[in-house]
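K.L.:
If you scroll down you'll find the structure; I have some questions about it.
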Ligand code: NAD
C-alpha cells in the first residue's frame, strides 16, 4: 500500500474495483462490435437527454448554455460517432509483414484490453471529460473506475446516462471523493491511470503509480499561445482570440492564454479586441444568449485576481475588464497589454477569462516567445500565408496546432489530443488515443513440424560462420544479392534438419 488514506476511502476504492473487475470478467467475451453497439445506445441517450445534461452541468459548474451544448454534448457525441465508424477496424487483429529472415512464418498483432482502468477527471468539462475517456476504455474492452472532481461531481449524472445499457452499468463504476479517494483508487492497482488535471496532481499520481509500475497517462494544463501575423484577416483573428481565451470562462486547458501580435498590427488589433470584447455577454443561467457563464470555483477566481493584480503592479495595462472581486464568481473578460514574459499572467496557467497580449517583430521571435514555456498543449497561428502557417505549426513545441482557427485540432475526433512538455503525455482520441487503452500483443505463428530452427542449439563454428555469410548477404549490398540470400539461407536451413544427436 502506497498512500496514507482513511478507511472510508479505502473501502470505497476496494468496492469500486471489485465491482469493475467482476464486470470485466462478465463481459470479457464481447466483441468490439457488441461493445460499440452499447456505446451507440449511450450516444442516443445523450442526444435525447441533452437538455437535462446541459441543465445539470450549467447548475454544477456555471458555464453558459452554448458552451455546454457544444463542448459537453457535441464533442462527446462526435467522439462516440467516430468510435462507431472506426473502433472495430482499428482493433481488429492485424497481419504484419514477416521478413525474409523468418521465412515461412506469419506475424499477427492483437490489440487487447488492459483490464480495469482508472479515469480521474477535473472540474471544467465534467460530462465531456468523463464520457470521452470512459467510451474509449469500453470500446477497447476494458472496465472503468471513474472518479470525477470533488468540485464538479455532477452526482448521479454519468450513472443516469449509463443506465441505458446494463452492459455499461456493469463495466463502469463511478466513485465520488477528493484526492484522498484518488490515491486510494491507485492503491487498488488499476491496469492504467488515465488522468486529466493539473501538473502538480499529475506528478503525485505518477510518483504513487511508479511504486507499483502502473502505467499512467497525463493530460495536464497549458499556456497556449496564439500568434497573429500582420497579414492575418483581422476580424476573424480578433473573434478567434476572444473566443479562444474566454470560452468556458477561460477554464479550458487549451484556452488561448498568450496572444502574440505582430508589431505593425499590434495597436490596431488590441483596439479592435477591446471594442469587440465590449459586446461579450457574461451571464450564468442563460437561455443560450450569453457568451460566458460564471467561473466554477473560488480558488480559480482568486488565481485570476492574483495574476491580474501582479501584472498590473508590474506595469501591464488593463485594456478591458477589471480586477475581479472575491465576492462573486462572475468575472468579466480581462484584456491586458504591455505584458512582459516575467509576469505570472504570461508564465503560469491562469485558467480564467484573461487575455494577455504581447507584440513580436519577426517570425523567429514569435516562435521563440511561443515556445518559451514549460507547457506544450496546443497553439494557434493566424496568417494568410499557408506555407508560413505550416512552418510555424511545425516549429511549435506542442501537441496540436490550429492554423487560422483556435482550439480546433481537438475538434476533429480523428486527430489525437494531448500535450508535450509539462502538458503531459499520451493521447486522447484519434487512433493513438484509442490504442492507448490497449496492450499490443505480438503473435508469431510457425508450422508444427519436427524440424528445429537454425538459431537453436547446438551452436557450432560451422553454424556461426554460416550466419555470418547470411548477414553479409542480407545487409552488405552486392551483385546478385537475392541469389546470395537464397543460397546462404538454404545452407542455414540445413541446420534446421538436425536436432542435437
Ligand atoms: P486537479 O489536479 O486539482 O484535480 C484533478 C483530479 O485529480 C480531481 O478529480 C482530484 O480529486 C484528483 N486528485 C487530486 N489529488 C489526487 C491524488 N493525490 N491522487 C489521485 N487523484 C487526485 O485539477 P483541477 O483543478 O480539477 O483541473 C484543472 C486542471 O486540469 C488545469 O490545469 C487544466 O489545464 C487541466 N485540464 C487538462 C485537460 C487536458 O486534457 N489536458 C483537460 C481539462 C483540464
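K.L.:
Using R₀ = 56 Å, calculate the FRET efficiency as 1/(1 + (r/R₀)^6) where r is the Cβ-Cβ separation of residue 98 and residue 317; round to 0.05. Provide the component values of the computation, followed by the final result.
P.N.:
Details: r = 66 Å, r/R0 = 1.17.
It comes out at approximately 0.30.
K.L.:
Mind pulling the angle between the C-alpha long axis of helix 128-139 and the longest principal axis of the chain? Nearest 10 degrees, somewhere in 0 to 90.
P.N.:
10 degrees
K.L.:
Using DSSP, restrict attention to beta bridges with both residues in the chain and report what percent are antiparallel, rounded to the nearest 5.
P.N.:
Details: 17 of 53 bridges.
Approximately 30 percent, going by the DSSP bridge assignments.
K.L.:
Specify the inter-centroid distance of segment 174-234 and segment 413-467, based on alpha-carbon positions, in whole Å.
P.N.:
Each part reduced to its Cα centre gives a spacing of 27 Å.
K.L.:
Okay, next question. When ranked by the protection proxy of mean other Cβ atoms within 10 Å per residue, highest first, what sequence do the peptides 316-323, 190-197, 290-297, 429-436 form? The partial results should precede the final answer.
P.N.:
Values: 316-323: 16.5, 190-197: 24.2, 290-297: 22.4, 429-436: 20.5.
Top to bottom by mean Cβ count within 10 Å: 190-197, 290-297, 429-436, 316-323.
K.L.:
Separation between the residue 453 and residue 432 pseudo-spin-labels, each 7 Å from Cα along Cα→Cβ, expressed in nm?
P.N.:
Output for this residue pair reads 3.2 nm.
K.L.:
Using Cα atoms only, what is the angle between the long axis of helix 75-91 and the major principal axis of the chain, expressed in degrees (0 to 90) to the nearest 10?
P.N.:
With both axes taken from Cα atoms, the answer is about 10 degrees.
K.L.:
Separate question: Label points 7 Å out from Cα along the Cβ direction at residue 478 and residue 299: separation in nm?
P.N.:
Simple spin-label model gives 7.0 nm for this pair.
K.L.:
Just from its helices, what would the mean residue ellipticity at 222 nm be for the chain, if runs of 4 or more DSSP H residues each count -39500 (n - 2.57) and the sum is divided by every residue, rounded to the nearest 500 deg cm²/dmol? Walk me through the numbers before you get to the answer.
P.N.:
Working: 18 runs with 213 residues, N = 501.
That calculation yields -13000 deg cm²/dmol at 222 nm.
K.L.:
Sticking with this one: In what sequence, highest mean first, do 77-89, 445-457 appear when ranked by Cβ atoms within 10 angstrom?
P.N.:
Numbers: 77-89: 18.1, 445-457: 10.7.
Per-residue mean Cβ counts within 10 Å order the peptides as 77-89, 445-457.
K.L.:
How high is the relative contact order of the chain, in percent, counting Cα pairs under 8 Å that sit 6 or more residues apart?
P.N.:
16 percent
K.L.:
Determine one quarter of the surface area of the Cα convex hull of segment 317-370, which equals its mean projected area, and express it in nm² to one decimal. Write down the numbers at each step before the final one.
P.N.:
On the way: hull surface 16.9 nm².
About 4.2 nm², averaged over all directions.
K.L.:
What order do you get for 417-428, 220-231 when each peptide is scored by the mean count of other beta carbon atoms within 10 Å, highest first? Could the numbers behind the result be given before it?
P.N.:
Numbers: 417-428: 22.1, 220-231: 24.7.
Output ranking for 417-428, 220-231: 220-231, 417-428.
K.L.:
Stretched out fully, how many nm does the piece from residue 390 to residue 89 gain, at 0.36 nm a residue minus the Cα gap? Write down the numbers at each step before the final one.
P.N.:
Working: separation 301, 0.36 × 301 = 108.36 nm, distance 3.06 nm.
Once the chain is fully extended between residue 390 and residue 89, it gains 105.3 nm.
K.L.:
Moving on to the next point. What is the angle, in °, between the Cα long axis of helix 50-61 and the longest principal axis of the Cα atoms in the chain? Nearest 10 is fine, range 0 to 90.
P.N.:
Approximately 70 degrees, to the nearest 10.
K.L.:
Give me the number: length gained by fully extending residue 328 to residue 31, i.e. 0.36 nm times residue separation minus the C-alpha to C-alpha distance, one decimal in nm.
P.N.:
Values: separation 297, 0.36 × 297 = 106.92 nm, distance 5.05 nm.
Full extension of this stretch gives 101.9 nm more.
K.L.:
Give me the distance between the Cα centres of segment 34-96 and segment 302-337, rounded to whole Å.
P.N.:
Here the two parts' Cα centres lie 35 Å apart.
K.L.:
With each pseudo-label sitting 7 Å past Cα toward Cβ, what's the residue 467-residue 268 distance in nm, one decimal?
P.N.:
Distance between the two pseudo-spin positions: 7.2 nm.
We did not get these values from a lab; they are worked out from the coordinates using the rules stated. Fair warning: this is a prediction, and the values are worked out from it, not measured in the lab. Because the Cβ atoms are built from the backbone with ideal geometry, glycine has one as well, and the counts that use them run over all protein chains shown.
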